[in-house]
């Protein structure tokens, strides 16, 4: 491994220290996070797990600059998000974070290419030509360049999620945050999507996913489990599942066999 690559892997992208989040519900205080500490390095691939109410969603909202902590620090690429205004948070989100959602969140009357272009529309410095080129490159990175002008209803669920992943890439973010990205997909398509994430991670992109599925978490490098607002388990995945190998060994479906 080259020295530069080793330096990259030692670069902290996300660092949270003594993170506390408390919500007021009438006269009742809800302690969503109770002193969380975690570092996520460049080129890491992390699964955040935990039951409903464990604090994982609140944690991801803070990582994604959608919320700020009550106390403690949350640093994204060296910037403390707890000190930022709503406008500053929005700007940081658009520049530093790519989001992927369970429900894809694609505009139905907009082509795949135009859906991918959406985050770039907030960048006044980018030309239409550059926007088009970057979006095509992002679609190519997820294997969908030939579907650029198709609309969401002309794409399978897996292809729609690939478009969503391409959209998350287009701003060259420091981290991709994916919330249950395989939740609406069948087993084969889920493995295919995890294969896309693994390939992107191998290219140096830091990825954090929320999942309740242990078999999906097995494709990542680290599993962090939340319980009662705290991290109750943090493990390195000894031998992550290899999506490319598993897909190659899976039997074809009836539809694929006919092709």
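Taken together, the criteria place residue 33 among residues that are crowded, with 17+ Cβ neighbours inside 10 Å, over 20 Å from the mean Cα position of the chain (by Cα) and in a strand (DSSP E or B). Among the residues making up region 36-58, those that are assigned to a strand (DSSP E or B) and surrounded by 16 or more Cβ atoms within 10 Å (Cβ to Cβ) are 36, 38, 40, 41, 45, 46, 47, 48, 49.
State whether the residues of region 81-96 include one that is at pLDDT 90 or above, touching a helix residue (DSSP H, G or I) at 6+ places or on another chain (Cβ under 7 Å) and not in a helix (DSSP H, G or I). The answer is no; no qualifying residue exists. Residues of region 59-115 that are surrounded by 21 or more Cβ atoms within 10 Å (Cβ to Cβ) and over 15 Å from the mean Cα position of the chain (by Cα): 69, 74, 81, 106, 112, 113, 115.
Annotation: of all residues in region 97-129 being in a helix (DSSP H, G or I) and without any contact (Cβ under 8 Å) to a residue 24 or more places away in the chain, the one that is farthest from residue 57 (Cα to Cα) is 129. Within region 202-254, the set of residues being farther than 25 Å from residue 15 by Cα and assigned to a helix (DSSP H, G or I) comprises 215, 243, 244, 245, 246, 247, 248, 249, 254. Against the conditions (1) in contact with a strand residue (DSSP E or B) (Cβ under 8 Å, 6 or more places away or on another chain); (2) within 19 Å of residue 183 (Cβ to Cβ); (3) not in a helix (DSSP H, G or I), residue 66 satisfies every one except (1). Taking first residues from region 14-27 that are at negative phi and at pLDDT 90 or above and partners that are surrounded by 13 or more Cβ atoms within 10 Å (Cβ to Cβ) and in a loop (DSSP other than H, G, I, E, B), the Cβ contacts under 7 Å between residues at least 6 apart in sequence or on separate chains come to 19/69; 20/69; 20/70; 21/69; 21/70; 22/70.
The values are calculated or read from the model by the stated rules, or taken from the named source; none is laboratory data. The structure presented is a predicted model; accordingly, all values stated were derived computationally and were not measured. Neighbour counts run over all protein chains shown; Cβ positions are idealised from the backbone, glycine included.
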